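Laboratory data are not the source of any read-out in this text; all were calculated from the coordinates shown. Owing to the predicted nature of the structure, the values given are computational and were not obtained by experimental measurement. Here Cβ is always computed from backbone atoms with ideal geometry, including for glycine, and neighbour counts include all displayed protein chains.
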Amino acid sequence: MIVMDRMEWTSPNGRRIVLVEGDITRIAVDAMANAANSALAGGGGVDGAIHRAGGPTIMRELDAIRAAAGGCPTGSAVATGAGELLARYVFHAVGPIYRDGRRGEPELLAGCYRKCLALADERAVRTISFPAISTGVYGYPQKAAAEIAIGEVRRHLERPDTTVEQVIFVLFGKGAYEVYREILGE
Ligand code: ADP
């Protein structure tokens, strides 16, 4: 898919949030976040697209993490290299499966974004892309998820000590893009 649309927001300290509609595997960044599962086993959706485009080395690294740690808890993320992707790292975030919103889903989803941004700072990452974590098969309502994603990223970009200069939300489809555009514009 080609990139079809784009919107930018600049924070008072000069850092940027960029929205694009498109395929996350096509956009060059320092780090790319993935919507993974707690078994780190690979799957469909954006996870499948990232592994297909990145090649087998990413799964080999995840195999090692799984052997050592057993997986990744919901609300957190682990880092690997990016194989053949246009990135240095992939951060595999495990979003919550949405049930009714009263089982800690908001805090777990926020945790995914916070952990990825912390992994980014540890690696001096300047540009990072995110898909809309948990809003596919995990069923998180798009608007509520976008409010959390944008809120966490804005808060992080205000920190004087972050290395992150630009966050790109890559939205799959016009509907998801429009949801983010509305919230970012508020
Ligand atoms: P989850 O299990 O966390 O819900 P999914 O992969 O099912 O993960 O969906 C997460 C989001 O990623 C959905 O909004 C889906 O439309 C989107 N998505 C799927 N493929 C891509 C892609 N290639 N680039 C960016 N976003 C994608």
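Before we move on, is Val90 within 15 Å of the ligand (Cβ to nearest atom) and not in a loop (DSSP other than H, G, I, E, B)?
Criteria met by Val90.
List the helices (runs of 4 or more DSSP H) inside the range 95-185, counting only whole elements, that have at least 2 residues being over 17 Å from Ala31 (Cβ atoms), within 11 Å of the ligand (Cβ to nearest atom) and not small (Gly, Ala, Ser).
174-185
Return the residue satisfying two criteria in turn: it lies in the range 14-29 and is over 18 Å from Ala49 (Cα atoms) and of a type outside the set (Gly, Ala, Ser), and of such residues it is nearest to the ligand (Cβ to nearest atom).
Leu19
Output the residues belonging to the range 100-113 that are over 14 Å from Pro73 (Cα atoms) and in contact (Cβ under 8 Å) with a residue 24 or more places away in the chain.
Selection gives Gly101, Pro106.
Does the range 118-125 include one or more residues that are surrounded by fewer than 20 Cβ atoms within 10 Å (Cβ to Cβ), out of contact with any Gly (no Cβ under 9 Å at 6 or more places or on another chain) and basic (Lys, Arg)?
Yes, some residue in the range 118-125 is surrounded by fewer than 20 Cβ atoms within 10 Å (Cβ to Cβ), out of contact with any Gly (no Cβ under 9 Å at 6 or more places or on another chain) and basic (Lys, Arg).
Consider the range 81-111. How many of its residues are touching a Lys or Arg at 6+ places or on another chain (Cβ under 8 Å) and farther than 20 Å from Ala41 by Cα?
So the count comes out to 3.
Go through (1) under 26 Å from Ala144 (Cβ atoms); (2) in a helix (DSSP H, G or I); (3) touching a His at 6+ places or on another chain (Cβ under 9 Å) and name the single condition Met59 misses.
Unmet condition: (1).
Can you name every residue in the range 47-58 that is under 17 Å from Ala33 (Cβ atoms) and either surrounded by 13 or more Cβ atoms within 10 Å (Cβ to Cβ) or away from the ligand (no atom under 15 Å from the Cβ) (or both)?
Matches in the range 47-58: Asp47, Ala49, Ile50, His51, Ala53, Gly54, Ile58.
Would you confirm whether any residue within the range 1-24 is of a type outside the set (Val, Ile, Thr), part of a loop (DSSP other than H, G, I, E, B) and under 15 Å from the mean Cα position of the chain (by Cα)?
yes
Go through (1) touching a residue at least 12 places away in the same chain (Cβ under 8 Å); (2) on the phi > 0 side of the Ramachandran plot for Ile148 and report which single condition fails.
Every condition holds for Ile148 apart from (2).
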